[in-house]
1. Roughly speaking, what is the centre-to-centre gap between segment B:151-176 and segment B:9-62 when only Cα atoms are used, to the nearest Å?
2. At 7 Å along the Cα-to-beta-carbon direction for both B:Asp235 and A:Arg136, put a label point, then send me their distance in nm to one decimal.
3. What FRET efficiency would be calculated for the residue pair A:Thr143, B:Gln112, taking the C-beta separation as r and a Förster radius of 56 Å, to the nearest 0.05?
4. With a point put 7 Å past each Cα toward its Cβ, work out how far B:Glu167 is from B:Glu63 in nm, to one decimal.
5. Using a Förster radius of 56 Å, what is the FRET efficiency between B:Ala261 and A:Asp3 based on their Cβ-Cβ separation? Nearest 0.05, please.
6. A:Asp258 label points, 7 Å along Cα→Cβ, one per copy: pairwise distances from this copy to the rest in nm, shortest first?
7. When each copy gets a label point 7 Å from Cα toward the beta-carbon at A:Glu87, what are the spacings between them in nm, shortest first?
8. With n ≥ 4 as the cut-off for DSSP H runs, can you work out [θ] at 222 nm for the protein assembly as shown, using -39500 (n - 2.57) per run divided by the number of residues, rounded to the nearest 500?
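What follows draws every value from the coordinates through simple rules; no lab data is involved. The shown structure was predicted, so the numbers you read here are calculated from the model rather than taken from an experiment. When we count neighbours, we look across all protein chains shown, and the Cβ atoms used for this are built from the backbone with ideal geometry, even at glycine.
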Number of protein chains: 2
Amino acid sequence: MRDLPIGVFDSGLGGLTVVREIRRALPNEAIVYLGDTARVPYGTRSSATVVRYARGCARLLIERGIKALVVACNTVSAVALDVLRAELDVPVLGVVVPGAEAAVTAALSLEQQLGHAVSIGVLGTASTIGSGAYPRAVAALSTRHEVHAATAPLLVPLVEEGWVTGEVPRLAVERYVAPLVSQSVRVLVLGCTHYPLLRETIALVSSQLSRDPIVVVDSAEATARALAELLAARDLLASGKSARLELLVTDVPGTFGDAAARFLGERADAPVQVDIPVTL
Amino acid sequence: MRDLPIGVFDSGLGGLTVVREIRRALPNEAIVYLGDTARVPYGTRSSATVVRYARGCARLLIERGIKALVVACNTVSAVALDVLRAELDVPVLGVVVPGAEAAVTAALSLEQQLGHAVSIGVLGTASTIGSGAYPRAVAALSTRHEVHAATAPLLVPLVEEGWVTGEVPRLAVERYVAPLVSQSVRVLVLGCTHYPLLRETIALVSSQLSRDPIVVVDSAEATARALAELLAARDLLASGKSARLELLVTDVPGTFGDAAARFLGERADAPVQVDIPVTL
């Protein structure tokens with residue numbers, strides 16, 4: 001069991017920002033990654049549709065044999081994690097709770113530094129924000145931090161287009177972040193696996209809007225840490241050194257290899273196309 | 001047969017800009033519209049996947065009973081029209097050829113006015129532009145007009161977000177349109193059914209970039225005219241006055257009614273959710 005790969009999936013390629021951190025934290029682990037590129041994005045869809053799609057992705061990975069499942073997608077983590085946990089026999093880890101933990105830790109530390117209370121902000125897709133998953137996850141950890149959440153629908157297309165610096169992303173980020181900063185948000189969670197590619201612009205714009213420092217939290221690192229703890233606790237750490245990374249996609253791979261390298265920070269083997277039988 | 005509705009489909013709600021023109025041109029016709037909102041957008045997907053999705057949409061409409069099928073989506077018109085025509089027993093009309101016809105007509109008239117040759121530009125999704133469908137359609141009508149095509153991936157998300165005027169759309173449009181204008185493009189085809197909602201910004205930016213006038217062509221109107229001719233030629237015009245408009249969507253309808261009204265320019269009955277069985 002322990003030498004099976006870790007399964008990771010996302011609506012598209014954004015989840016590879018999580019894989020990047022998992023490979024840093026757990027360099028001996030084999031990973032099989034599924035990007036549902038034929039149906040990306042999930043963040044604009046209803047919860048019912050996201051649950052259906054998530055089930056199809058999870059089952060495909062389970063059938064290939066995995067020892068744990070990482071849902072590297074905020075939308076699926078926000079609306080479908082309980083369903084997946086109830087239905088699957090392997091440990092299932094999402095990105096929302098690790099992200100909320102990292103945010104609360106950052107908020108407590110910043111409050112000590114500043115000497116006054118700060119709020120936590122979350123940027124995410126319509127589905128993620130609509131689910132209320134982040135405020136719930138923060139409330140379970142700390143009742144003293146207000147959470148202000150905002151949808152940021154244009155950020156995913158900007159990343160997909162490769163427009164991560166310059167005037168257009170700057171103006172778009174400003175429009176989403178300014179209302180949060182004016183609500184005392186000083187810790188800002190990147191609540192979508194695409195956003196880390198805009199991290200520099202988000203940090204820059206936030207710092208221009210606030211006299212206090214703003215801490216930008218990316219759940220990928222926190223998720224990789226939580227995964228390492230989970231595998232150790234269940235005695236599931238790999239016994240050897242495989243580090244194999246297999247990429248699966250649902251649309252024709254085409255140029256996905258180049259995009260994958262951008263999210264992953266390294267070149268991987270070419271993605272392989274797979275079919276998921278579903279009733280839409 | 002003639003009193004069956006006209007079937008219209010698109011990847012999402014953008015095709016309602018075509019329905020709006022059909023209702024103007026053919027006010028006595030019943031229409032059933034299908035928006036594949038659970039899998040929108042198509043424009044970033046491979047041709048193989050677009051063909052699979054288009055087949056599912058077309059079959060669903062055919063099974064409900066329609067007298068003609070309008071593919072109100074540039075991506076599907078560009079990559080899947082031949083497949084649909086070969087497989088279906090009803091007349092099938094796309095938006096690319098009517099759009100190309102309108103562009104050539106506009107180019108010829110503008111050349112008379114200006115006294116020099118002009119090029120035709122097309123903005124569209126990656127799939128539409130990658131297919132080469134517009135240059136082929138123009139070449140079939142006129143060999144004297146060069147066609148310069150450009151992908152404009154951010155325009156669909158901007159329209160979906162409702163950001164159709166102001167600084168962000170202006171800068172994005174400028175980035176896409178400026179290279180076309182510098183290649184002598186004076187007739188600009190909106191090669192995606194979402195773009196008419198950005199028409200004002202596109203026209204404004206284009207006129208600022210060029211000393212000559214720029215004619216912006218929307219294929220919706222041309223498609224509605226072509227449909228009226230086709231129905232008349234085949235003796236398929238409605239005998240009575242129904243004008244019923246039925247909206248079908250594949251994702252949970254939720255707030256689609258409001259978005260639909262924006263594209264359609266009028267309130268319609270609430271959309272109804274339908275299932276399409278497909279293997280992804």
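1. When both Cα centres are located, 22 Å separates them.
2. Calculated label separation equals 6.2 nm.
3. Efficiency, rounded to the nearest 0.05: 0.15.
4. Those two pseudo-labels are separated by 5.0 nm.
5. 0.50
6. Here the equivalent label points are 3.8 nm apart from this one.
7. From this label point to the equivalent ones elsewhere in the assembly: 2.7 nm.
8. Estimated from H runs of four or more residues: -14000 deg cm²/dmol.
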